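Structure record follows, encoded as structure tokens.
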Amino acid sequence: MNNAIIEVDGLVKRYGKFTAVNGIHFKVREGEVFGLLGPNGAGKTTTMEMIEGLRRPDEGRALVAGFDTKKDLKKVKEIIGVQLQSTSLFDLLHVHEIIRMYASFYPSAVPIEPLLDDMILREKMNERVKNLSGGQKQRLAIALALVNDPKVVFLDEPTTGLDPQARRTLWDIVLRLKERGKTVVLSTHYMEEAHVLCDRICLMDKGQIVALDTPEQLVRSLQSDSAIEFRLPEWVRDDKAREQEVLTLVQSLPDVKQVDQRKDTFVLYTDHLQNALTAFIQQTAEQNIRISDLQTRTATLEDVFIHMTGRSLREE
Ligand code: ATP
């Protein structure tokens, strides 16, 4: 990859005997929105913080614009902007004060009022930080990450805990950063967010990379674009032999490429939804199998994650 602005090469981080990040490699292209997607504890924050130079890797190295985060941290800091968690903001300062304070840390800073406009915070510039909503605090945290006009911006779960509207406002902000040529590295455990925002997604689980590609290619890797979901009535679920019969039947249906069973829900993957669904309904009726909660949907990144790991992104 010629235009890589970040290179992660065999990063490992251990906490005592526990390995939080276990030898990962990837490159981030200049100007892309690169997502780290995974459940809680996957190692996303640890990975980002090693690239930012905030945590020291036990093995491997990370380069930002060619500078090693262990050896050239000062140079790296000139290039990157890091969104701090809102809890670490100074509650009693006014919005414009905290931005000016951050700007004073750097030899040069962007003009503050356009930055406030971009983050939709102009009306709040004289407000104390503690009076801001969750979404406004997150936008302020991003504004602080942008004061030094960084080439690379790190956003660690920027929308966690926000309501849907505040989340969408933040998505627009991230897309605008990309339009302006910034490279954005974003961690999230929301697959919709990763799908909407990211050019490429690094799926992480238990400190390792399970897949890395564009959202479209990741979903395509399932080789099925649709899913049929259903459940069995409770009395069948308790009858393991009957449940096995159902599993065998759905596995042999025409155009069903793969079947996953997640707790009491069966998921059938297909590229020919109509054929598979028709056969499914015919054969379950013939075999007198009662089903409930039947639905069809498009395959998602969540399906990719489950297929690769056997676990859901939402599991704790
Ligand atoms: P989340 O979505 O919950 O933030 P994450 O994918 O960002 O998760 P990390 O915060 O990187 O995950 O944590 C990875 C693992 O390392 C977790 O099991 C976490 O408990 C552990 N961990 C993180 N920091 C420390 C630390 N300072 N000491 C011990 N263990 C830690």
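Observations, loosely collected:
- Criterion violated by Lys178 - all others in (1) within 16 Å of Gly31 (Cα to Cα); (2) away from the ligand (no atom under 16 Å from the Cβ); (3) open to solvent by less than 20 Å² (accessible area, probe 1.4 Å) satisfied: (3)
- Region 261-290: number of residues that are under 20 Å from Ser224 (Cβ atoms) and assigned to a loop (DSSP other than H, G, I, E, B): 2
- Only one of the listed residues (Leu155, Leu162) is in contact (Cβ under 8 Å) with a residue 40 or more places away in the chain, under 19 Å from Pro39 (Cβ atoms), not aromatic (Phe, Trp, Tyr) and not in a helix (DSSP H, G or I). That residue is Leu155.
- Residues that are surrounded by fewer than 19 Cβ atoms within 10 Å (Cβ to Cβ), over 22 Å from Ala42 (Cβ atoms) and of a type in the set (A, V, I, L, M) occur in region 161-171; there is at least one.
- Filter result (among the hydroxyl-bearing types (Ser, Thr, Tyr) and either crowded, with 17+ Cβ neighbours inside 10 Å or in a helix (DSSP H, G or I) (or both)) within region 78-131: Ser86, Thr87, Ser88, Tyr102, Ser104
- Selection of region 132-152 for residues being in a loop (DSSP other than H, G, I, E, B) and in contact with a helix residue (DSSP H, G or I) (Cβ under 9 Å, 6 or more places away or on another chain) yields Leu132, Ser133, Val147, Asn148, Pro150, Lys151.
- Residue count for region 252-286, restricted to those that are of a type outside the set (Asp, Glu) and surrounded by fewer than 12 Cβ atoms within 10 Å (Cβ to Cβ): 5.
- Restricting Leu249, Leu253, Leu294 to those that are hydrophobic (A, V, I, L, M, F, W, C), assigned to a loop (DSSP other than H, G, I, E, B) and at pLDDT 90 or above reduces the list to Leu253.
- The listed residues are Lys124, Lys137, and the only one of them that is within 21 Å of the chain's Cα centre (by Cα), away from the ligand (no atom under 16 Å from the Cβ) and farther than 18 Å from Val196 by Cβ turns out to be Lys137.
- Count of region 31-72 residues which are away from the ligand (no atom under 16 Å from the Cβ) and either within 15 Å of Lys151 (Cα to Cα) or in contact (Cβ under 8 Å) with a residue 40 or more places away in the chain (or both): 9
- If you go through region 42-69 and pick out every residue that is of a type outside the set (S, T, N, Q) and either assigned to a loop (DSSP other than H, G, I, E, B) or not assigned by TED's automatic domain parsing to the domain that holds Asp205 (or both), you end up with 10.
- Filtered residues of region 193-215 (kept if farther than 14 Å from Phe34 by Cα, charged (D, E, K, R) and either open to solvent by less than 30 Å² (accessible area, probe 1.4 Å) or away from the ligand (no atom under 14 Å from the Cβ) (or both)): Asp205
This table checks each residue for (1) in the same structural domain as Leu54 (by TED's automatic domain parsing); (2) out of contact with any Leu (no Cβ under 9 Å at 6 or more places or on another chain); (3) surrounded by 18 or more Cβ atoms within 10 Å (Cβ to Cβ); (4) closer than 19 Å to Val210 by Cα.
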position: Val8; (1), (2), (3), (4): yes, no, yes, yes
position: Leu11; (1), (2), (3), (4): yes, yes, yes, yes
position: Tyr15; (1), (2), (3), (4): yes, yes, no, no
position: Ala20; (1), (2), (3), (4): yes, yes, yes, yes
position: Ile24; (1), (2), (3), (4): yes, no, yes, yes
position: Val28; (1), (2), (3), (4): yes, yes, yes, yes
position: Gly31; (1), (2), (3), (4): yes, yes, no, no
position: Leu37; (1), (2), (3), (4): yes, no, yes, yes
position: Asn40; (1), (2), (3), (4): yes, yes, no, yes
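- Pro150 vs. criteria within 27 Å of Lys44 (Cβ to Cβ), within 16 Å of the ligand (Cβ to nearest atom), in contact (Cβ under 8 Å) with a residue 12 or more places away in the chain and not β-branched (Val, Ile, Thr): no
The values are calculated or read from the model by the stated rules, or taken from the named source; none is laboratory data. From a predicted model like this one, the values you see are computed outputs, not experimental measurements. Note that each Cβ is placed from the backbone with ideal geometry, even for glycine, and that neighbours are counted across all protein chains shown. Protein only, heavy atoms only, side chains kept; ligands, DNA and RNA dropped before computing areas. Shrake-Rupley method; radii C 1.70, N 1.55, O 1.52, S 1.80 Å.
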